[in-house]
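One structure coming up, written as structure tokens, with questions to follow.
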Amino acid sequence: MDSILELARKESARQHETIRLIASENYVSRDILEVLGTELTNKYSEGYPTKRYYEGQEFTDAIELRAIEAAKRVFGCNYANVQAYSGSPANLAVYFALLNPGDTIMGLNLPSGGHLTHGFKVSITGKWLNSVPYSINPDTHLIDYDEVERLAREHKPKIIISGHSAYPRQIDFERFGKIAKEVGALHMADIAHISGLVATGEHPSPFPHADIVTMTTHKILRGPRGALILTNDEKLAKKIDKAVFPGLQGGPHMNNIAGIAIALEEAMTQSYTTYTQQVKKNIKALGEALMERGYDLFTGGTDNHLVLVDLRPKGIDGDTLGKALIKANIETNKNAIPFDPAPPMKPNGIRLGTPAVTTIGMKEEHMVQIAEFIEQVYQNVDNDQALAEIREEVKQFMNKFSL
Ligand SMILES: *Cc1c(COP(=O)(O)O)cnc(C)c1O
């Protein structure tokens, strides 16, 4: 039997011989991997820098302060909390800081590309809060800002959430901010998916249009698992800090916070800006190469790092294609097509993103090759022998790229 360490090494090898197109995933740097495996994991640091409940915080304080400073600089704001364990607890902390059970929130519904924590019915956020989801326009598949405004006027939410998990177009944070102001709501922008694009100006910033900005650190931002909660408002910042600790969490994961500090410092470099530009060039190239092969893209394309592929013209569902693709070492995730009656476990779409493949050095020409691999897999969905042959080609292709 493999030891756990051997299993982890196998996962590492798997990631280096697989074309990873899951839009929320990435490869972190060697420095980040190294700091995650340090003795910081042994340390309890409940509280905040200089105000801790345990002794021995000389280095943990320095690390957390560096992470906070970097977060403020990268995203251009005055307050940052870096302790939330991940994106979901970060959003919960905001709700816990500012809402009471039963209060109304408005987020994009999950089938249209929203996140569980934006009020979906099976999530604690849908059960303990009154969730009034907005949707996308059934014809354009774009966010229907007029509907957001109409619902906001009618339901008077306390928080309106912008930012989404499967939305390929630019978000109009200014419009969300105006709607929120008009109805006396706070505007929370959850930029988990596009954080790196915002960091480098490749997507407009939610500031000054959002009161609170949350994000995960492990998607395009290319850090370890964790989250940031940002604001420019001192009162909100105090409430949020209290909600994270002691409201929701105990000791922060200092090894992750150190990794977050490194990721944010990396995000300030010219090479990270170039990276985010290439992520966008790559997804455009991948989307176009797929359209040339008869695939439809939701909204006809993308402004960010992901595309939603509508598989209906190909007569295959996202689950069947995704399972065939992984046999050929191409990693994707199935995704619902809004307004599609297909069941959630057999939706008619897949979601593809280029943050990970761009990190290992891929360019536009490689996207054309990937589209060709995908088409070959589609042509051979039921042919395991052919899929195994494609897998060998994919492994050879991946050999050209390394960190
Ligand atoms: C990924 C994501 C989250 C949650 O992150 P976890 O770290 O998986 O809890 C929250 N909001 C949005 C929009 C996301 O895409």
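Could you please find all residues in region 285-309 being surrounded by 17 or more Cβ atoms within 10 Å (Cβ to Cβ), under 19 Å from residue 24 (Cα atoms) and not aliphatic (A, V, I, L, M)?
If the condition is that a residue be surrounded by 17 or more Cβ atoms within 10 Å (Cβ to Cβ), under 19 Å from residue 24 (Cα atoms) and not aliphatic (A, V, I, L, M), then 287, 298, 302, 303, 304, 305 are the ones that fit.
Could you look through region 37-81, keep only residues that are touching a residue at least 40 places away in the same chain (Cβ under 8 Å) and among the aliphatic types (A, V, I, L, M), and pick out the one that is farthest from residue 246 (Cα to Cα)?
Applying the filter and picking the extreme gives 74.
Further, regarding this structure: Can you name the residue in region 119-130 that is at negative phi and touching a strand residue (DSSP E or B) at 6+ places or on another chain (Cβ under 6 Å) and, of all such residues, is most open to solvent (accessible area, probe 1.4 Å)? So that I can check it myself, show each step before the final result.
First, pick out the residues of region 119-130 that are at negative phi: 120-130.
Then drop every residue that is not touching a strand residue (DSSP E or B) at 6+ places or on another chain (Cβ under 6 Å), which leaves 129-130.
Numbers: 129: 22, 130: 69 Å².
If we take residues in region 119-130 being at negative phi and touching a strand residue (DSSP E or B) at 6+ places or on another chain (Cβ under 6 Å), then 130 is most open to solvent (accessible area, probe 1.4 Å).
Looking at residue 209, is it in contact (Cβ under 8 Å) with a residue 60 or more places away in the chain, open to solvent by 40 Å² or more (accessible area, probe 1.4 Å) and in contact with a Gly (Cβ under 9 Å, 6 or more places away or on another chain)?
Values: in contact (Cβ under 8 Å) with a residue 60 or more places away in the chain: no; open to solvent by 40 Å² or more (accessible area, probe 1.4 Å): yes; in contact with a Gly (Cβ under 9 Å, 6 or more places away or on another chain): yes.
No, not satisfied.
For region 145-162, give me each residue that is closer than 20 Å to residue 194 by Cα and either in a strand (DSSP E or B) or touching a strand residue (DSSP E or B) at 6+ places or on another chain (Cβ under 8 Å) (or both). If you could, list the steps in order and put the result at the bottom.
Within region 145-162, the first condition is being closer than 20 Å to residue 194 by Cα, and the residues that meet it are 145, 160-162.
Selection gives 160, 161, 162.
Looking only at region 163-189, how many residues end up being in a loop (DSSP other than H, G, I, E, B) and either away from the ligand (no atom under 16 Å from the Cβ) or within 12 Å of residue 209 (Cβ to Cβ) (or both)?
So the first thing to find is which residues in region 163-189 are in a loop (DSSP other than H, G, I, E, B), and the list is 163-172, 184-185.
From what's left, either away from the ligand (no atom under 16 Å from the Cβ) or within 12 Å of residue 209 (Cβ to Cβ) (or both): 163, 171-172, 184-185.
Adding up the residues that qualify gives 5.
Continuing with the same structure: Which of (1) of a type in the set (Gly, Ala, Ser); (2) touching a His at 6+ places or on another chain (Cβ under 9 Å); (3) assigned to a loop (DSSP other than H, G, I, E, B) is the odd one out, the single condition residue 201 does not satisfy?
Exception for residue 201: condition (2).
Residues checked against (1) within 20 Å of the chain's Cα centre (by Cα); (2) closer than 30 Å to residue 198 by Cα; (3) of a type in the set (D, E, K, R):
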residue	(1), (2), (3)
7	no, no, no
10	no, no, yes
30	no, yes, yes
39	no, no, yes
42	no, no, no
53	no, no, no
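Within region 15-35, track down each residue that is of a type in the set (D, E, K, R) and in contact (Cβ under 8 Å) with a residue 24 or more places away in the chain.
Step one: filter region 15-35 for residues of a type in the set (D, E, K, R), giving 17, 20, 25, 30-31, 34.
The answer is 17, 20, 25, 30, 31.
Could you tell me whether region 331-345 includes any residue that is open to solvent by 40 Å² or more (accessible area, probe 1.4 Å), in the same structural domain as residue 295 (by TED's automatic domain parsing) and farther than 25 Å from residue 193 by Cα? Explain how you work it out, then say what you get.
Going residue by residue through region 331-345, those that are open to solvent by 40 Å² or more (accessible area, probe 1.4 Å) are 334, 336, 339, 341, 343-345.
Pick out the ones that are also in the same structural domain as residue 295 (by TED's automatic domain parsing) and you get 334, 336, 339, 341, 343-345.
With farther than 25 Å from residue 193 by Cα added as a condition, the list becomes 341.
Yes - at least one qualifying residue is present in region 331-345.
May I pose another question? Within region 68-86, can one find any residue that is open to solvent by 30 Å² or more (accessible area, probe 1.4 Å) and within 16 Å of the ligand (Cβ to nearest atom)?
yes
Filter region 87-118 for residues that are away from the ligand (no atom under 14 Å from the Cβ), open to solvent by 40 Å² or more (accessible area, probe 1.4 Å), touching a residue at least 24 places away in the same chain (Cβ under 8 Å) and polar (S, T, N, Q) and give the result.
Those that are away from the ligand (no atom under 14 Å from the Cβ), open to solvent by 40 Å² or more (accessible area, probe 1.4 Å), touching a residue at least 24 places away in the same chain (Cβ under 8 Å) and polar (S, T, N, Q): none in region 87-118.
Could you please give the count of residues in region 213-228 that are touching a helix residue (DSSP H, G or I) at 6+ places or on another chain (Cβ under 6 Å) and either open to solvent by 40 Å² or more (accessible area, probe 1.4 Å) or away from the ligand (no atom under 13 Å from the Cβ) (or both)?
Taking region 213-228 first, the residues touching a helix residue (DSSP H, G or I) at 6+ places or on another chain (Cβ under 6 Å) are 214-217, 220-224, 226-228.
Narrowing further to those that are either open to solvent by 40 Å² or more (accessible area, probe 1.4 Å) or away from the ligand (no atom under 13 Å from the Cβ) (or both): 222.
So the answer is 1.
The values are calculated or read from the model by the stated rules, or taken from the named source; none is laboratory data. What you are looking at is a predicted structure, and each value in this text was computed from that prediction instead of being measured. Don't worry about glycine lacking a Cβ; one is built from the backbone with ideal geometry, like all the others, and counts go over all protein chains shown. In case anyone asks, the SASA skips ligands and DNA or RNA and just uses the protein heavy atoms, side chains included. Shrake-Rupley method; radii C 1.70, N 1.55, O 1.52, S 1.80 Å.
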